[in-house]
Amino acid sequence: MAREDSATSAAAGGASARALAQDPDFLAAVLGTAGSLIVVLDRAGRIVLFNRACEEITGYAAGEVLGLPFWDVLLLEEDVGGVRAVFDRLCAGEFPSFHENIWVARSGARRLVSWSNTVLTDARGEVRFVIGIGVDVTEARASESQARALLVEQGARHAAEAAAARLEHILESIADGFFAIDADWRMTYINREAERSLAIQRDAALGRTLWDVVPALRATLFEEECRLAMRERVAREFDVDFAPAQRWIGTRLYPTDEGLSVFFQDITRRKRGEVSRQFLAEAGSILSSSLDYQLTLQAVAQLAVRGVAEMCIVDVVEPDGTVRRLEVAHTDPTKEALVEELRRYPLDRSSPHLVFRALETGHAQLVSDVPESYLRDISQGDRHFELLQALDIRSHVIVPMIAHGRTTGVITFIRRTGGRPYDAEDLGLVEELARRAAIAVENARLYGEAKQAILARDDVLAAVSHELGNPLQAIIMAEKMMVSSVSDDSARYYGDAIRRSAERMERLIHDLLEVHRVQARQLSLERRPCAVEPLVREACDGLIPLADAKPLHLEIDLGTETLPRILADAGRVVQVVSNVVGNAVKFTPGGGRVWVRAAAAGNDVRIEVEDTGPGIPPEQLPHVFDRFWQARRTGRAGIGLGLAIAKGIVEAHGGHIGVESEEGKGSRFFFTFPRADTPEPRRPHRRNSADA
């Protein structure tokens, strides 16, 4: 009975609740006085309920907004699309839903509202109203944002502090010197290497201007580059000679928002290496420019005072063992009078001069700081001592010139007070210079000796050749008389042999005398305008019997155009063509070919002789026109004067002679003679072996 009463009471209570929930006045009272923001919309989105909390937050009375579309009243334009999409989903039965959007109050203030949405349906289950219940979360979200920002800021600060610590560790560990300056040139950071290199104290330097801390940098390339980088806000990279430390510094500048970051490193070794290489390259050029050893050593002394010394002295050893002062050079023109006076004092072997020690030991003598007592010991009287003092000698190195075990002299390099003294690295440079100078002197000596030997040989050959001429003519005349006076065939046979040998000797003597004339520049020329074709054919006609005897094909191709005349000695032109073509015929095997061509070539006429002979090895090509040269694989078919004579004749005419050859593929010789003013008409063709 009690259970039935309880059920009856519950049913009655439920019925009462449903009745109460359906009472419009009751719903309006509850929704209107709720603390949350409550908006009720019909299916068209019009506002049908706008409670008191909504009025308070927006400044609009309910009567002002009822019946208006919700999105036309309170929303930002950019939020309308999103809110309508939520509304459409709710009307379609997708509920509840949650979202946030901004409401714009009458005053223009913006409030962030967090919404929880639901719907009311009719008896058929269709949505009649959409109910939005909202909470103003503007202050809460702002607090959350501030909290997040604070956390981010704290994290960033910690990260920045950690990054700064890592950066400082890196800057203290690098081999480069580094410092930073602000826009007023005050030093704001200095690493350990910069402190050491600049010889400054960090604690004392920070906050002071760079120019006060390191005044030696004022009015230098460094200051100029720093100001340019600061003004134009561009990175700069350059090398600067830091005189106070006697070092070269490689510098990189990077502008920053605060000022300038400066990285630098000592590049003295690299810079000195570059200077040394450049110096030796220039020295090599000078040493190879002349075979006169005195001129060469004088040029070396002048070079030394432009690169490695303020003063340079060159002493040479004469054949009798005496030491002669050859050159004294000084970088300061105002010291020229002192230098000239110093030349008058020869070296005294009785003095402890380090020049003699260098000569005796073969080793360089390096003195980084020359004491005054040494100058007194080597001086030859008061005036000599005054000269040495006036030249302000601080440091010197004395290097012997030795080549192939032969000492040819010494070079003394001197630096004055105030400059950097010589050290071991300098010693290597000046020793290399002295070595190269010694080789140049030795080469010049050997060249001079060889030149004298060649001249002597040529003189002997010329004299002998001249003296042999008369006896040889007597032999030829005697042979003719003998042959004419006998009828015996045997006697005639031997007479012919004597004649041929004598004629060959006569040609050899003639060639020897020609070579001597060429060498002595005594070749006589009678230059006249002359036609090329008859001279070429005359030379070749004399060689046709030799070509036919092999046999080989000798072709003359002078083209179809009239060749210009040349200004030359006609007999000498025939001699050149004969020598070159004869050389080709001589060394071309039987069955081969020799071509002779001629054509105009600018201001010259060019004659070519090409053959199908064995060719010339590449290593022998530079020597083809040397006197007494013979190809290695030809046997001794002559004494090697024909091409040398041809070269001398061509060059005496102002022409050029050359050869192109590939071993196994024949050779092509070519030479030129200058054109005369008027062309020569072509003459009738004459027979050659190619026509036979």
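The values are calculated or read from the model by the stated rules, or taken from the named source; none is laboratory data. Treat the numbers as computed from the prediction; the structure is a model and nothing was measured. Virtual Cβ from ideal backbone geometry, glycine too; neighbours counted across all protein chains shown. For accessibility, only protein heavy atoms count, side chains too; no ligands or nucleic acids. Shrake-Rupley method; radii C 1.70, N 1.55, O 1.52, S 1.80 Å.
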> So what is the accessible area of region 240-311 per residue, in Å², with the probe set to 1.4 Å?
Replying inline: 50
> Tell me, what is the FRET efficiency for Gln278 and Asp677 to the nearest 0.05, using R0 = 41 angstrom and their Cβ-Cβ distance as r?
Replying inline: 0.20
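Looking only at Cα atoms, what is the convex hull volume of region 171-230 per residue, in Å³? Mind dumping the intermediate values first?
Numbers: hull volume 5.1 nm³, N = 60.
Spread over its residues, the Cα hull of region 171-230 gives 85 Å³ apiece.
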>> If you scale each eigenvalue of the Cα gyration tensor by 5 and take the root, what three semi-axes come out for region 341-387, rounded to whole angstrom and sorted largest first?
In response: 19, 14, 9
> Share of region 118-221's accessible area from carbon and sulfur, percent, 1.4 Å?
Replying inline: 57
> Straight-line reach from Lys665: which lysines have Cα under 18 Å away, leaving out those fewer than 8 places along the same chain?
Replying inline: Lys586
>> Below 19 Å, Cα to Cα, which aspartates and glutamates can Lys335 reach? Residues fewer than 8 away in the same chain don't count.
In response: Glu310, Glu327, Asp382, Glu386, Asp392
> Pulled fully out, how much extra length does the chain show between Ala105 and Leu68, if you take 0.36 nm times their separation in residues and subtract their Cα-Cα distance?
Replying inline: 11.8 nm
> R0 = 41 Å: FRET efficiency of Asp203 with His363, Cβ-based, nearest 0.05?
Replying inline: 0.25
> Sorted by mean Cβ packing within 10 Å, highest first, what order do the peptides 190-199, 341-350, 142-151, 604-613 take?
Replying inline: 604-613, 190-199, 341-350, 142-151
>> For the ranges 540-546, 617-623, what's the packing order if you count other beta-carbon atoms within 10 Å of each residue, average per peptide, and put the highest first?
In response: 540-546, 617-623
> How far apart, in nm, are two points set 7 Å out from the Cα along the Cα-to-Cβ line at Tyr254 and at Glu619?
Replying inline: 5.8
> Can you give me the Cα centroid spacing of region 252-320 and region 51-75 in angstrom?
Replying inline: 92
> For region 220-277, rounded, prolate or oblate, judged on the Cα gyration tensor with a ≥ b ≥ c (square roots of eigenvalues), a/c < 1.5 rounded, else prolate if a/b > b/c?
Replying inline: prolate
> Between region 591-611 and region 538-588, what's the alpha-carbon centroid distance in Å?
Replying inline: 9
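May I ask you to compute the full-extension gain from Glu77 to Asp488, defined as 0.36 nm times their residue separation minus their alpha-carbon distance, rounded to one decimal in nm? Before the final figure, lay out each step's value.
On the way: separation 411, 0.36 × 411 = 147.96 nm, distance 14.35 nm.
So the chain would gain 133.6 nm between Glu77 and Asp488.
Taking 0.36 nm per residue of sequence separation and subtracting the Cα-Cα distance, how much length would be gained by fully extending the chain between Asp541 and Arg46, in nm to one decimal? If you can, show how the numbers build up before the last one.
Details: separation 495, 0.36 × 495 = 178.20 nm, distance 12.77 nm.
Separation in residues times 0.36 nm, less the Cα-Cα distance, equals 165.4 nm.
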> How far apart, in nm, are the 7 Å Cα→Cβ label points at Asp382 and His404?
Replying inline: 5.0
> Rounded, prolate or oblate: which one fits region 42-178, using the alpha carbon gyration tensor with axes a ≥ b ≥ c (rounded when a/c is under 1.5, else prolate when a/b beats b/c, else oblate)?
Replying inline: prolate
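Obtain the radius of gyration and the Kirkwood radius of region 68-145 from its C-alpha atoms and give Rg over Rh.
Working: Rg = 13.9 Å, Rh = 13.6 Å.
Across region 68-145, the Cα-based Rg/Rh ratio is 1.02.
Between rounded, prolate and oblate, where does region 356-435 land on the alpha carbon gyration tensor, with a ≥ b ≥ c its root eigenvalues, rounded for a/c under 1.5, else prolate if a/b exceeds b/c? Don't skip to the end; give the middle numbers.
Numbers: a/c = 2.61, a/b = 1.46, b/c = 1.78.
Verdict is oblate for region 356-435.
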